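Peer 1: Structure in structure tokens, see below.
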Amino acid sequence: MIPSRTVGRFLFGSGVFSQLEERLKERREALDGPVMFFVDNWFRGKELERAIPLREGDALFWVDATDEPTTEGIDVFAAMARAMAQPCAVVAVGGGCTLDSAKATANLLTNPGAAEDYQGWDLVRCPAPYKIGVPTLSGTGAEASRTCVMSNARKGLKLGMNSQYTVYDELVLDPDLTATVARDQYFHTGMDTYIHCVESLAGAYRNALADAWSREALRLCEEVFESADMMSDEAREKMMVASFLGGSAIGNSLVGLVHPFSAGLSMVFHTHHCVGNCIALRALAEFYPEAAEAQERFLRKQNASVPVGLTRDAGPEIFDALYKSTIIHEKPLSNALGSDFRQILTPGRVAEIFGRM
Ligand code: NAD
Ligand code: ZN
């Protein structure tokens, strides 16, 4: 068994982003080579762009989060990054798409081949360059997890480079950075942590460490979504902690039914991960009644919304594709329903559930 690894160093609190330059000084002194920044495109031309401690010779890659990362897109980043000298540090500033793009590209800087060669468990051989993660959106736990999710159109799968080397070496957790996120986006991504934890605590494969992280993350999410404003300074700080704990938990446990159904939506309709989870949770209320009810309560309280009517015009071929891309997720489905999950999730039952979306 490969031992689990977690993030080694942290800065946490309002305003700590301004200390990034200082943190990088240490890296620049330790090793020759540029810093490679991966920054969410949303920040282009914004105040944060000017605050990036970019020096001559460094690289700045803008990450477009319109679509979630693909193996092809990562190969493009890797080709550009490989053309430069080995970096003294890789820094990601953004949401899950940006954090994952930097993780995947960093692995390809010390390991030959293409992104898809490392989709799976413990395939990365050599440690990546030193990585610093700066999340600007809380919930996916990508800042803490040992994976970086990429879709691979050629193989028809969505899978990360699950490896101890994928984990960030250091995090700069500054809740000020999440203040500008759109409300619905903030809700959906925050709910990702909530849903991870609900699924993992309801599953059969458990361990006490992951349970403890999950329970605390869940408690924090509830405090945030039950508060008067989920985006107050205090709430954004709590959500950042919940995301980190949820991400730590998920590396050591399994999700359940919501993620496979959300993955189905993602493969067929290109629905983004977090909003897909919210849509799926609503349709899976018979399996997670308390969580589904809580989500509706949170939505009302926070004046946020989850789209409806996704499958309104879908025909049999679409439902067939949805079934296939859901049922392949054997591990989480058996975590939730046991090894004979196919007897419960018949094609008819799955179509009925998707029909509610
Ligand atoms: P995202 O990266 O997809 O970004 C969503 C939107 O928010 C984008 O338009 C982005 O530009 C914008 N945004 C980000 N920060 C902002 C800010 N501070 N102000 C204004 N706008 C901002 O969002 P996400 O939900 O964090 O990430 C989703 C991705 O994470 C998916 O690709 C999913 O597969 C992945 N994921 C990874 C893990 C993991 O463990 N690695 C776990 C769950 C999900
Ligand atoms: Zn998730």
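Peer 1: Please pick out the residue among A263, A285, A292, A280 that is free of Cβ contacts under 8 Å to residues at least 12 places away in the same chain and closer than 17 Å to S200 by Cβ.
Peer 2: None of the others qualify; the one that does is A292.
Peer 1: Could you figure out which of (1) modelled with pLDDT of 95 or more; (2) under 25 Å from K46 (Cβ atoms) isn't true of D67?
Peer 2: Among (1) modelled with pLDDT of 95 or more; (2) under 25 Å from K46 (Cβ atoms), the lone unmet condition for D67 is (1).
Peer 1: Within the range 182-194, can one find any residue that is within 16 Å of ligand 2 (Cβ to nearest atom), more than 13 Å from G139 (Cβ to Cβ) and of a type in the set (D, E, K, R)?
Peer 2: Looking through the range 182-194, none of the residues is within 16 Å of ligand 2 (Cβ to nearest atom), more than 13 Å from G139 (Cβ to Cβ) and of a type in the set (D, E, K, R).
Peer 1: Now, a different point. Looking only at the range 266-293, how many residues end up being within 16 Å of the chain's Cα centre (by Cα) and either surrounded by 18 or more Cβ atoms within 10 Å (Cβ to Cβ) or more than 16 Å from ligand 1 (Cβ to nearest atom) (or both)?
Peer 2: Within the range 266-293, residues that are within 16 Å of the chain's Cα centre (by Cα) and either surrounded by 18 or more Cβ atoms within 10 Å (Cβ to Cβ) or more than 16 Å from ligand 1 (Cβ to nearest atom) (or both) number 9.
Peer 1: Of everything in the range 16-41, what is open to solvent by 30 Å² or more (accessible area, probe 1.4 Å) and in contact with a helix residue (DSSP H, G or I) (Cβ under 8 Å, 6 or more places away or on another chain)? Give them in sequence order.
Peer 2: Result: S18, single match.
Peer 1: Still on this structure: Those residues that are of a type in the set (K, R), at pLDDT 95 or above and either open to solvent by less than 20 Å² (accessible area, probe 1.4 Å) or assigned to a helix (DSSP H, G or I) (or both), I need them from the range 325-357; list them, please.
Peer 2: Within the range 325-357, R342, R349 meet the criteria.
Peer 1: M240: within 15 Å of ligand 1 (Cβ to nearest atom), open to solvent by 10 Å² or more (accessible area, probe 1.4 Å) and aliphatic (A, V, I, L, M), yes or no?
Peer 2: no
Peer 1: Could you identify the single residue in T66, T105 that is over 17 Å from V7 (Cα atoms) and either touching a residue at least 40 places away in the same chain (Cβ under 8 Å) or in a helix (DSSP H, G or I) (or both)?
Peer 2: Testing whether each residue is over 17 Å from V7 (Cα atoms) and either touching a residue at least 40 places away in the same chain (Cβ under 8 Å) or in a helix (DSSP H, G or I) (or both) leaves just T105.
Peer 1: Yes or no: A92 part of a strand (DSSP E or B) and small (G, A, S)?
Peer 2: yes
Peer 1: Still on this structure: Does the range 70-87 hold any residues that are touching a Phe, Trp or Tyr at 6+ places or on another chain (Cβ under 9 Å) and either within 16 Å of ligand 2 (Cβ to nearest atom) or more than 20 Å from Y168 (Cα to Cα) (or both), and which are they?
Peer 2: Of everything in the range 70-87, just one residue is touching a Phe, Trp or Tyr at 6+ places or on another chain (Cβ under 9 Å) and either within 16 Å of ligand 2 (Cβ to nearest atom) or more than 20 Å from Y168 (Cα to Cα) (or both), namely M80.
Peer 1: Tell me the strands (runs of 3 or more DSSP E) entirely within the range 117-197 that contain at least 2 residues that are closer than 24 Å to A217 by Cα, away from ligand 1 (no atom under 11 Å from the Cβ) and not β-branched (V, I, T).
Peer 2: Correct list: 170-173.
Peer 1: Can you name the residue in the range 88-97 that is crowded, with 24+ Cβ neighbours inside 10 Å and more than 16 Å from ligand 2 (Cβ to nearest atom) and is also nearest to S138 (Cα to Cα) among such residues?
Peer 2: Top of the filtered list is G94.
Peer 1: If you don't mind, there's one more thing I want to ask. Looking for whichever is farther than 15 Å from G139 by Cα, open to solvent by less than 30 Å² (accessible area, probe 1.4 Å) and either within 16 Å of ligand 2 (Cβ to nearest atom) or acidic (D, E) (or both) here; the options are S248, S214, S253. Which one fits?
Peer 2: Every option except S253 fails the conditions.
Peer 1: Between A79, A102, A114, A85, which is within 16 Å of ligand 1 (Cβ to nearest atom) and either surrounded by fewer than 23 Cβ atoms within 10 Å (Cβ to Cβ) or over 12 Å from the mean Cα position of the chain (by Cα) (or both)?
Peer 2: Among A79, A102, A114, A85, only A102 is within 16 Å of ligand 1 (Cβ to nearest atom) and either surrounded by fewer than 23 Cβ atoms within 10 Å (Cβ to Cβ) or over 12 Å from the mean Cα position of the chain (by Cα) (or both).
Peer 1: I'd like to check something: does the range 173-181 contain any residue that is among the hydroxyl-bearing types (S, T, Y), more than 16 Å from ligand 2 (Cβ to nearest atom), in contact (Cβ under 8 Å) with a residue 24 or more places away in the chain and open to solvent by less than 10 Å² (accessible area, probe 1.4 Å)?
Peer 2: yes
The values are calculated or read from the model by the stated rules, or taken from the named source; none is laboratory data. Values in this document were obtained by computation on a predicted structure and should not be read as measured data. Neighbour counts run over all protein chains shown; Cβ positions are idealised from the backbone, glycine included. Heavy atoms of the whole protein, side chains included, go into the accessibility calculation; ligands, DNA and RNA do not. Shrake-Rupley method; radii C 1.70, N 1.55, O 1.52, S 1.80 Å.
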